[in-house]
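Colleague: The structure follows.
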Amino acid sequence: FCFQPIGKVYRQRAFPNIIEELSFGMKRYRINFINIYDELFSYDKERVYEFCIQIKQLFKTVPWEVKWSCQIRVDKLDEDLLLTMKDAGCLVLSLGLESYSPVVLKSLQKKTTPQQIDQTLEITRRLNIAIQGNFLFGDTAETTDTAYETLNYWKKSVYSGGGINLGYIYPYPGTPLYHHCLNKGIIKDEVE
């Protein structure tokens, strides 16, 4: 269900290159907020810790306050990492929650559990880190019961008034869901 525009290979950029680009942009355009769009940002926790050290040093080079946000996986978070990120200026986390149903999470190959979702949301709330999370409906394993499992959780969540979005899954080209839709005749014309 996740769109991979450059395929399934993940290349991490070198920190000196990233920091150099950020430094240039911050100073030239007086940037005060940075969004990191990398759904595998937390794949390697040690790299996130190193990023936090380097970004803090970079922020000291400008006389204004700079904050940042990132996409992060629920299964890669713990309180120590979140405290480090917050100390380095992280203000908002984008979380791919996807579902509260273990059946759907397994089908989506998320490698996360409802308990990890609970833990992450509890820690972020306690640390006062804002979230933007997403629950998706329509996976091949989705049933009325699994949808209600997620909806009921969302309704009880402290984030139900905002912070967590509800939406439909999209069959992006090349994904297993896309091929499922082709095989079932749901997508009849690939070009159209």
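The values are calculated or read from the model by the stated rules, or taken from the named source; none is laboratory data. Just so it is clear, the structure is predicted and the values come from calculations on it, not from any experiment. In this analysis, Cβ positions are derived from the backbone assuming ideal geometry, glycine residues included, and neighbour counts consider all displayed protein chains. Side chains are part of the model used for accessible areas, which takes the heavy atoms of the whole protein and leaves out ligands, DNA and RNA. Shrake-Rupley method; radii C 1.70, N 1.55, O 1.52, S 1.80 Å.
Colleague: Would you list, by chain and number, the lysines whose Cα falls below 27 Å from the Cα of Lys67, excluding same-chain residues fewer than 8 positions away?
Modeller: Straight-distance partners of Lys67: Lys27, Lys45, Lys56, Lys76, Lys86.
Colleague: In deg cm²/dmol, rounded to 500, what helix-only [θ] at 222 nm does the chain give when every DSSP H run of at least 4 residues adds -39500 (n - 2.57) and the total is split over its residues?
Modeller: Value at 222 nm, helices only, nearest 500: -12500 deg cm²/dmol.
Colleague: Same structure again: Take every Cα-Cα distance within the stretch 88-192, group them into 5 Å bins from 0 onward, and report for each bin the whole-number percent of pairs it holds.
Modeller: Computed distribution, short to long bins: 2, 11, 21, 21, 16, 12, 8, 5, 3, 1.
Colleague: Among the lysines, select those whose C-alpha is under 30 Å from the C-alpha of Lys188, and discard any that sit fewer than 8 residues away in the same chain.
Modeller: Partners within reach: Lys8, Lys106, Lys110.
Colleague: While we're here: Evaluate E = 1/(1 + (r/R0)^6) for Glu39 and Asn165, where r is the Cβ-Cβ distance and R0 equals 22 Å; express this FRET efficiency to the nearest 0.05.
Modeller: Computed FRET efficiency for Glu39 and Asn165 comes out at 0.85.
Colleague: Continuing with the same structure: Report, in degrees rounded to the nearest 10, the 0 to 90 angle that the Cα long axis of helix 114-126 makes with the longest principal axis of the chain.
Modeller: Around 30 degrees separate the two axes.
Colleague: So, for the stretch 1-110, what is the accessible surface per residue at a probe of 1.4 Å, expressed in square angstrom?
Modeller: Per residue, the stretch 1-110 has 58 Å² of solvent-accessible surface.
Colleague: Work out the FRET efficiency for Lys67 and Lys155 from their Cβ-Cβ distance, taking R0 = 22 Å, and round it to the nearest 0.05.
Modeller: It comes to 0.10.
Colleague: Using a Cα-Cα cut-off of under 16 Å, which aspartates and glutamates could be cross-linked to Lys111, ignoring same-chain neighbours fewer than 8 residues away?
Modeller: By straight Cα distance, Lys111 reaches Glu39, Asp44, Asp75, Asp78, Glu98, Asp139.
Colleague: For the stretch 1-153, what is the relative contact order in percent, using Cα pairs closer than 8 Å and at least 6 residues apart in sequence?
Modeller: Computed value for the stretch 1-153: 21 percent relative contact order.
Colleague: Mind computing the radius of gyration and Dmax over the alpha-carbon atoms of the stretch 1-138? Å is fine for both.
Modeller: According to the Cα coordinates of the stretch 1-138, Rg and Dmax are 15.8, 49 Å.
Colleague: If you roll a 1.4 Å probe over the chain with all protein chains in place, what percent of the accessible area is carbon or sulfur?
Modeller: C and S fraction of accessible area: 53 percent.
Colleague: Mind putting together the pair-distance distribution for the stretch 28-97? All Cα pairs, 5 Å bins, whole percent per bin, short to long.
Modeller: Result, from short to long distances: 3, 16, 30, 27, 13, 7, 3, 0 percent.
Colleague: Can you pull the one-decimal nm distance between simple spin-label points at Asp118 and Leu83, each 7 Å off the Cα toward Cβ?
Modeller: 2.3 nm
Colleague: Here's something else I'd like to know. Divide, for the stretch 71-148, the radius of gyration over alpha carbons by 2.2 N^0.38 Å, where N is the residue count.
Modeller: Working it through for the stretch 71-148, the quotient is 1.15.
Colleague: With angles folded into 0 to 90 degrees, how steeply does helix 15-29 sit against the dominant principal axis of the chain? Use alpha carbons for both and round to 10.
Modeller: 70 degrees
Colleague: Efficiency by 1/(1 + (r/R0)^6): what FRET value for Phe24 and Lys56, r their Cβ-Cβ distance, R0 = 22 Å, to the nearest 0.05?
Modeller: With R0 = 22 Å, the Cβ-Cβ based efficiency is 0.75.
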